[in-house]
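The structure appears right after this line, and notes come after that.
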Amino acid sequence: MRAIRLGELDRIVIPESPLDILSQQIVAACAAEDWQEDDLYALVRRAFPFRNLARSEFDEVIAMLSDGIAARRGRYGAYLHRDQVNKRLRGRRGSRLAAITSGGAIPENALYTVIAEPEAIVIGTVDEDFAVESLRGDIMLLGNNFLADSPRAGRIGTGGRRERRAAKRSFLERRKRLREQKSCRRG
């Protein structure tokens, strides 16, 4: 509720000059056709996140994509051929496949600590999406262990067959009750 009042819930924050995305877009553009460096830089700057992109940053990304990344076994990841005399860029072999299979970004998700109560024992973490969708009293299966919804709320099942069966029955009963409540609300 606090986040809603502050206008922070689901607020869209556009990152400033995300160089990982820039790299992907440059490889994709050059895999499709040859580019003059100046023309590609001008095109990139038209996109809102890159409106303030310095030419030096652009050139560093181009250098990385054309030189590759140094590793113990040599260089890898050189997706562009850079003609420094004519200032032209073109995709190398494999750049088209890399553009198709490696595009995208993984959003940052917060991790929430799961604590068994009343013992206050940390039993693991769940990601933000799972935490937001969960309700108090939900039963989680962590590895082979149920976090049971019972008078001993928060107790961790430690592998006993009887306890796991009871926790599973409790989970199924609760799920059935929730479904019935939803259907009553609709009807």
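The values are calculated or read from the model by the stated rules, or taken from the named source; none is laboratory data. Predicted model, so just to flag it, every value in this text is computed and none were measured. Glycine also receives a Cβ, built like all others from the backbone with ideal geometry; neighbour counts cover every protein chain displayed. Note: areas computed on protein heavy atoms with side chains; ligands, DNA, RNA excluded. Shrake-Rupley method; radii C 1.70, N 1.55, O 1.52, S 1.80 Å.
Okay, here's what the table says:
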quantity	calculated
In nm, spacing of pseudo-spin labels at R51 and R169 (7 Å Cα→C-beta vector)	6.3 nm
Modelled FRET efficiency - R0 25 Å, A110 with A71, Cβ distances, 0.05 increments	0.20
Descending Cα extents along the principal axes, the range 16-145, whole Å	70, 37, 23
Table column - 3J(HN,Hα) (Hz), the range 77-86, Karplus curve with 6.51, -1.76, 1.60, x for Gly and Pro	x, 8, 9, 10, 9, 10, 8, 6, 6, 8
Amide H within-cut-off set for V114, under 5 Å, with H built and near neighbours excluded	I123, G124, T125, V126
Inverse mean reciprocal Cα-Cα distance (Kirkwood Rh) of the range 51-110, Å	13.4 Å
The range 82-137: trypsin sites (Lys or Arg not before Pro) in DSSP loop, at most 12 other beta carbons within 10 Å	R93, R136
Percent of C-alpha pairs per 10 Å bin, the range 27-82, short to long	22, 50, 23, 5
Accessible surface of D138 - all protein chains present, 1.4 Å probe, nearest 10 Å²	50 Å²
Average accessible area per residue (Å²) across the range 25-106 - probe 1.4 Å, nucleic acids and ligands excluded	67 Å²
For q = 0.17, 0.31 Å⁻¹, Debye-computed log10 I/I(0) when each Cα of the range 6-55 counts as one equal scatterer	-0.57, -1.26
Two-site label geometry, R88 and D10: point separation in nm, points 7 Å out along Cα→Cβ	4.9 nm
Among G68, A116, T101 - extreme Cα towards positive end, dipole of the range 68-122, charges at beta-carbon	G68
Cβ charges +1 (Lys, Arg) and -1 (Asp, Glu), total dipole of the range 61-126, debye	1020 debye
Segment L19-L135, length gained on full extension (0.36 nm per residue, minus Cα span)	38.0 nm
